[in-house]
Amino acid sequence: MRIRRGRIPSSSSWTHFTAKMPLELYLDLHSQPCRSVFIFAKINKIPFEFKSVDLSTGEQYGDEFGKVSIIRKVPVLKDGDFILTESIAILQYLAANHHTPDHWYPADLQKRARVDEFLSWQHTNIRTHGSKVFWFRGVIPAVTGAPVPKEKMDAAVEDLNVSLKTFEEKFLQSRPFIIGEKISLADLVAIVEMMQPVGTGLDVFQDRPALNAWRDRVKKEIGVEVFDEAHKSFIHLSECVSLESNP
Ligand SMILES: N[C@@H](CCC(=O)N[C@@H](CS)C(=O)NCC(=O)O)C(=O)O
């Protein structure tokens, strides 16, 4: 965390002091990128102030949040005067700034490249397809009162199935975690994205034993308590208001 240096008056003279500005995270835990940031900060014991932005009431469009980010999406990190958007950038910033255990974002060039490979791929695959299913099964019926036409729904679920298959065959293979023996940012981002359709009752882990076993390992590494804390308000709720096809 950045240290702010300044001077305060004492009875006889000016004295140097250092004060830590509290880290602020603007979050709505219905959002999968917010959950990854929240979980990462929690399990690495990074102190932060939880600044709630309620997407379901459109708080992201309000004047107050507009001063923080003109992108008007969460998560946002504020570290003193430094404001950062984009969950992946935030995770990488926290990992570097707080010297989190190496396995999260390894210094080793090729291991790090593996993490980056997944983080780059997921935007237009697991994230896009999982979000679309979440919207089709949860948000759109809730808003319109009508189900999404079957052909559209089937096509969306099929896209998600293709992404999950690619995840298992290319990114996970027979390893415990994406980069091998240890959990990394890649697993964290993957699990929160896969939980999004689960929030509408579509259990993507069912009938996928390898994925199911990986989910259990990730949950154990994160800690069931923090995992559940991040997901408790989300499960079976359909309130996330963003669908990105091109993040
Ligand atoms: N690529 C961004 C995505 C951020 C994003 O789309 N956030 C959504 C919630 S999942 C949001 O804030 N949506 C508000 C809106 O679109 O109005 C990231 O990874 O941080």
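The values are calculated or read from the model by the stated rules, or taken from the named source; none is laboratory data. Remember, it's a predicted structure, so these values are computed and weren't measured experimentally. All Cβ positions, even for glycine, are placed from backbone atoms using ideal geometry, and neighbour counts span all protein chains on display.
List of remarks:
- Within the option set Val189, Val162, being buried (at least 21 other Cβ atoms within 10 Å of the Cβ) and modelled with pLDDT of 95 or more holds for one residue only, Val189.
- Number of positions in region 156-183 that are in a helix (DSSP H, G or I), in contact with a Leu (Cβ under 9 Å, 6 or more places away or on another chain) and among the aliphatic types (A, V, I, L, M): 4
- Criterion applied to Val226, Val198 was being of a type in the set (A, V, I, L, M), away from the ligand (no atom under 13 Å from the Cβ) and at pLDDT below 95, and the one residue passing it is Val198.
- Exactly one residue out of Phe65, Phe48, Phe38 is within 13 Å of the ligand (Cβ to nearest atom), under 30 Å from Glu181 (Cα atoms) and modelled with pLDDT of 95 or more, and it is Phe38.
- Glu221 without any contact (Cβ under 8 Å) to a residue 60 or more places away in the chain and not hydroxyl-bearing (Ser, Thr, Tyr): yes
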